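Written out below as structure tokens is the structure these notes cover.
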Amino acid sequence: MSAYFFFDVKEITDEAKMAEYRQKVFPVVEQFGGKYRVVGGEQHVLEGDWQPTFPVIIEFENVEKARRWYDSPEYRDLKALRLASTRGNMV
């Protein structure tokens, strides 16, 4: 069963670090079999009051492959860049 990482970037606090992250993250996601399904864009809330700011959804084949990417040495420094350059949520 597919597994998804859902990011909602609320604010970019360091543009230079975020630019570096964007430049490097796509090949690492692909290396682990991930596929971007949503990168920003307009949203329409149909129920409730949740207001995503900049949603990003990445799909992996299963939970094991998703966690392998998230916990990988290849993503470790990129994760630190993202955390240092943004404010948001991830599930």
Which condition number does Ile58 fail, the rest of (1) open to solvent by 30 Å² or more (accessible area, probe 1.4 Å); (2) β-branched (Val, Ile, Thr); (3) out of contact with any Ser or Thr (no Cβ under 8 Å at 6 or more places or on another chain) being met? (1)
Could we say that Tyr36 is in contact with a helix residue (DSSP H, G or I) (Cβ under 9 Å, 6 or more places away or on another chain) and more than 15 Å from Arg76 (Cα to Cα) here? yes
Ser72 versus (1) at pLDDT 95 or above; (2) touching an Asp or Glu at 6+ places or on another chain (Cβ under 9 Å); (3) over 14 Å from Phe5 (Cα atoms): which is the lone unmet condition? (2)
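Here is a yes/no grid of residues against (1) acidic (Asp, Glu); (2) touching a residue at least 40 places away in the same chain (Cβ under 8 Å); (3) open to solvent by less than 50 Å² (accessible area, probe 1.4 Å); (4) touching a Ser or Thr at 6+ places or on another chain (Cβ under 7 Å):
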| position | (1), (2), (3), (4) |
| --- | --- |
| Ala3 | no, yes, yes, no |
| Asp8 | yes, yes, yes, yes |
| Tyr75 | no, yes, yes, no |
| Lys79 | no, no, yes, no |
| Arg82 | no, yes, yes, no |
| Arg87 | no, yes, no, yes |
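Can you find a residue in segment 11-34 that is open to solvent by 30 Å² or more (accessible area, probe 1.4 Å), of a type in the set (Asp, Glu) and either in a strand (DSSP E or B) or at pLDDT below 95 (or both)? Can you show your working first?
Residues of segment 11-34 open to solvent by 30 Å² or more (accessible area, probe 1.4 Å): 11-17, 19-20, 22-24, 26-27, 30-33.
If we keep only those that are of a type in the set (Asp, Glu) as well, we get 11, 14-15, 20, 30.
With either in a strand (DSSP E or B) or at pLDDT below 95 (or both) added as a condition, the list becomes 11.
Yes, segment 11-34 has at least one match.
Could you go through segment 47-55 and let me know if any residue there is part of a helix (DSSP H, G or I) and open to solvent by 50 Å² or more (accessible area, probe 1.4 Å).
No - not one qualifying residue is present in segment 47-55.
The values are calculated or read from the model by the stated rules, or taken from the named source; none is laboratory data. Just so you know, these numbers come straight off a predicted model, no measurement behind them. All Cβ positions, even for glycine, are placed from backbone atoms using ideal geometry, and neighbour counts span all protein chains on display. Heads up: the accessible areas ignore ligands, DNA and RNA and are worked out on the full protein's heavy atoms, side chains in. Shrake-Rupley method; radii C 1.70, N 1.55, O 1.52, S 1.80 Å.
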